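Reviewing the structure listed below.
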Amino acid sequence: MPTVYKSSDASAPTLTGQVGALIGVLDACLVNGYGSKSAAGWTKAFSGTNLASYLPSAGHYLDVNDAAAGAGGAQEATVRGYESMTAVGTGTNAFPTTAQIASPGEFIRKSATADATARGWLLIADQYTFYLFILSGDTAAAYQSFGFGRFYSTKASDTYRSFICGHSSTGSGSSTGLDSIGWAAAINNATTGMFIPRTAAGTGTAITSGIVSPMPTSVARMTEKVRKRMRSRPGKGSPASVSSGSASAAARDTAPRIPAHDTKTAPRQLDMRRAIHFGACNTANTHTNRSAITAPLTSAA
């Protein structure tokens, strides 16, 4: 079950626009715990001065440089994922690659100012994934977002179902270059700022990824299949006249209502692990038709 960590919690660490402040928050939430909050169950695999590499219970590494390495200075930390690592800043099969996002990597916006001003934050995590939201002060009541970890894949034994989601440009608190976790696109739309290590087939290097709008399984509108008819009946004249045809009046008898086929699409929820790994799902977005149900015809008493 995910744990919610907040800057307003008792004994919560303080996030500022100073070097090392983000690592203090990640250490407390992911690795050590604080106050009455237990740690999410991650490991701090490697560390240095204002540097850290984190590893979930299963998955890939997140490398964090909180030493003012980018153009945004101490207001931002830089991040990159790796399939494997031997030290902070040193690993193999990075996502994104340096060709996709040049050094020092993607960015987490911490603060609009490079000072000790405390910034509100919210972090949701379990042992596999976390999502971080920061009130950086760049825009009133607007959170900067970042996510890293595993997602659910439709492909069995998918060892590359990790993602990283952050700023792809530095020095700005706007949404430019940011893949917001709350944003939705078609599943085949690559989104700036979001990367996964490889395709679902395990080939190649890092690729851009995307998420989908929520559309839970539901029964569509009910459709009515019926014919409306008028019975022949004698007229008042002599000889009797008969009229017949179709009428627009409501039918005397109607067939049972028949629901349209259920439809489904992949859900997008806050838990990004529920996103679908590209190439893993090529089936149609329609449930298999249900078997026909028959029942004996009964007459009214």
- Item | Those residues of segment 98-137 which are among the charged types (D, E, K, R) and surrounded by fewer than 18 Cβ atoms within 10 Å (Cβ to Cβ), in sequence order | ASP115
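Residues are listed down the side, and each one gets a yes or a no for (1) under 24 Å from THR199 (Cβ atoms); (2) without any contact (Cβ under 8 Å) to a residue 40 or more places away in the chain:
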residue	(1), (2)
THR16	no, no
ASP27	no, yes
ALA40	no, no
THR98	yes, yes
LEU122	no, no
GLN127	no, no
- Query: In segment 1-58, which strands (runs of 3 or more DSSP E) lie fully inside it and hold 1 or more residues that are loosely packed, with under 15 Cβ neighbours inside 10 Å?
  - Reply: 3-6, 43-48
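The numbers here are math on the coordinates, done by the rules we state, and not lab data. Source: prediction; values computed, not measured. When we count neighbours, we look across all protein chains shown, and the Cβ atoms used for this are built from the backbone with ideal geometry, even at glycine.
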